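A short write-up of the structure that comes next.
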Amino acid sequence: MTIAIDPDVLGKLRAAKESAAANDDIRQIIAARDEVLARYSPMFQPDEIGRISEEALRSFLYFENNRHWTGLNRQVNRICADMAVTRAALAALVDEEQSLETRMDPTTAIKGMGKGIITAILHVAYPERYGVWNNTSDSALVQLGLMPRFERGARFGERYAAINAVLRQVAASLNVDLWTLDALWWGLGGDEIDDAIDGPPNGEIPTAGARRRAFALERHLHDYLFDSWDTLSLAKDWEIYTSPGDPQAGYELSTPIGRIDLLARHRREPRWLVIELKRHGSSDQVVGQVLRYIGWIKAHHAEAGEAVEGLIVAHEGNPQLHYAVSAVPGLSFMAYEVEFRLKQGPTLEEFARP
């Protein structure tokens, strides 16, 4: 499969490659490549992964060890709940005697084993042949117009095979390896794209410090909502949207018009819920953003007769937000409170070299 990369898109990618040299976070990720591959690639080979220890697998899922991907450890207990099943699935995943579409099926059946973890393991096993498909690369591909089109109901492996072909072509066009390409996506995706679509609030650009603080708070809230969903009152009626092979599909769902913070489906009724966390933007902006996403879900996800609603989550409301919400049927608002607690951290064994 060969795609035509628009010259403007290729220019953005080359600019991201150049700017990476001045970004300490990206440089550190790229510099860690050989060390991480030397540690984990041998464990992920076909003759070894079928007997990988739980400690080795757990250690890989922590950023402190993989040096590249945060958040993989969220699902560590689910993934390691039945190591016999997990080992068999991973053995199939790296078995290149099977078709890519077929050998990915067993991993997608394991709770918690989403696209980010599956393709990170595949990439580390075969770094020259498989790229990483996660929320960050997904968002960048969508926004740049590089995401392949899929038939509704396409298997996870079919979708990844098409995406991997694009990743390999982009890496070749930039003359970088797939590990480096995955680091470059970080500078292209997410809130920067949303801000470019919406524009700065009230025509003013927040200071770098204010934006970092706002983003940090929102990221913690975002992760908390996702990780603790079953403990929330919303969980009684709503569940986070999932798709085959992607239990985190409703977390930061990438669309051509921006990234949806959370997408949920009603447990009993034909209804969708778009959840947006209010950032530094104005109330008018966040309402417009949610309505934009509601329209996109109606057009591309909802079936005939399915309703799409919206929920704005913010630290506090204001008259502008309340009036706007009251005027839109199916749109609601909830406020959150911040509570800080101390908890026991991961054990030394979870971080230790196997």
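The values are calculated or read from the model by the stated rules, or taken from the named source; none is laboratory data. Keep in mind the model is a prediction, meaning the values are calculated, not measured. Positions of Cβ are backbone-derived with ideal geometry, glycine not excepted, and every protein chain shown enters the neighbour counts.
Every residue, every condition in (1) surrounded by 20 or more Cβ atoms within 10 Å (Cβ to Cβ); (2) within 17 Å of the chain's Cα centre (by Cα); (3) more than 16 Å from Gly71 (Cβ to Cβ); (4) polar (S, T, N, Q), yes or no:
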position	(1), (2), (3), (4)
Ile117	yes, yes, no, no
Ile121	yes, yes, no, no
Val124	yes, no, yes, no
Glu128	no, no, yes, no
Trp133	yes, yes, no, no
Phe156	yes, yes, yes, no
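Just so you know, in the range 227-265 the residues that are in contact with a helix residue (DSSP H, G or I) (Cβ under 8 Å, 6 or more places away or on another chain) and in a helix (DSSP H, G or I) include one that is nearest to Val142 (Cα to Cα), and it is Asp227.
Of all the numbered requirements in (1) under 19 Å from Arg14 (Cα atoms); (2) under 19 Å from the mean Cα position of the chain (by Cα); (3) modelled with pLDDT of 90 or more, Gln169 misses one, and that requirement is (2). In the range 225-263, of all residues being among the hydrophobic types (A, V, I, L, M, F, W, C) and farther than 17 Å from Glu309 by Cα, the one that is nearest to the chain's Cα centre (by Cα) corresponds to Ala249. Within the range 266-279, track down each residue that is in a strand (DSSP E or B) and within 17 Å of Leu291 (Cα to Cα). Within the range 266-279, Arg271, Trp272, Leu273, Val274, Ile275, Glu276, Leu277 meet the criteria. Report yes if some residue within the range 136-146 is surrounded by fewer than 18 Cβ atoms within 10 Å (Cβ to Cβ) and either in contact (Cβ under 8 Å) with a residue 40 or more places away in the chain or on the phi > 0 side of the Ramachandran plot (or both); otherwise report no. Yes.
Conditions tested, residue by residue: (1) exposed (fewer than 11 other Cβ atoms within 10 Å of the Cβ); (2) at pLDDT below 90.
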site: Ala302; (1), (2): no, no
site: Glu309; (1), (2): no, no
site: Gly317; (1), (2): no, yes
site: Val328; (1), (2): no, no
site: Leu331; (1), (2): no, no
site: Glu339; (1), (2): yes, yes
site: Gln344; (1), (2): yes, yes
site: Glu349; (1), (2): no, yes
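Reported count of residues in the range 45-57, each being touching a helix residue (DSSP H, G or I) at 6+ places or on another chain (Cβ under 9 Å), without any contact (Cβ under 8 Å) to a residue 60 or more places away in the chain and in a loop (DSSP other than H, G, I, E, B), is 3.
Table: residues versus (1) touching an Asp or Glu at 6+ places or on another chain (Cβ under 6 Å); (2) among the aliphatic types (A, V, I, L, M); (3) in a helix (DSSP H, G or I).
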site	(1), (2), (3)
Gly11	no, no, yes
Arg39	no, no, yes
Met43	no, yes, yes
Ser59	no, no, yes
Thr70	no, no, no
Asn77	no, no, yes
Ala81	no, yes, no
Leu90	no, yes, yes
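Can you spot a residue in the range 82-103 that is touching a residue at least 60 places away in the same chain (Cβ under 8 Å) and assigned by TED's automatic domain parsing to the domain that holds Pro42? Yes, the range 82-103 has at least one match. Glu309 meets the conditions (1) in a strand (DSSP E or B); (2) closer than 25 Å to Leu188 by Cβ; (3) touching a Phe, Trp or Tyr at 6+ places or on another chain (Cβ under 8 Å) in every case but one. The failed one is (2).
All of (1) of a type outside the set (A, V, I, L, M); (2) within 29 Å of Ala172 (Cα to Cα); (3) touching an Asp or Glu at 6+ places or on another chain (Cβ under 6 Å) hold for Thr107 with one exception: (3).
Yes or no, residue by residue, for (1) in a loop (DSSP other than H, G, I, E, B); (2) of a type in the set (S, T, N, Q); (3) closer than 26 Å to Glu158 by Cα; (4) touching a helix residue (DSSP H, G or I) at 6+ places or on another chain (Cβ under 6 Å):
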position: Ser19; (1), (2), (3), (4): no, yes, no, no
position: Ile30; (1), (2), (3), (4): no, no, no, yes
position: Val85; (1), (2), (3), (4): no, no, yes, no
position: Asp95; (1), (2), (3), (4): yes, no, yes, yes
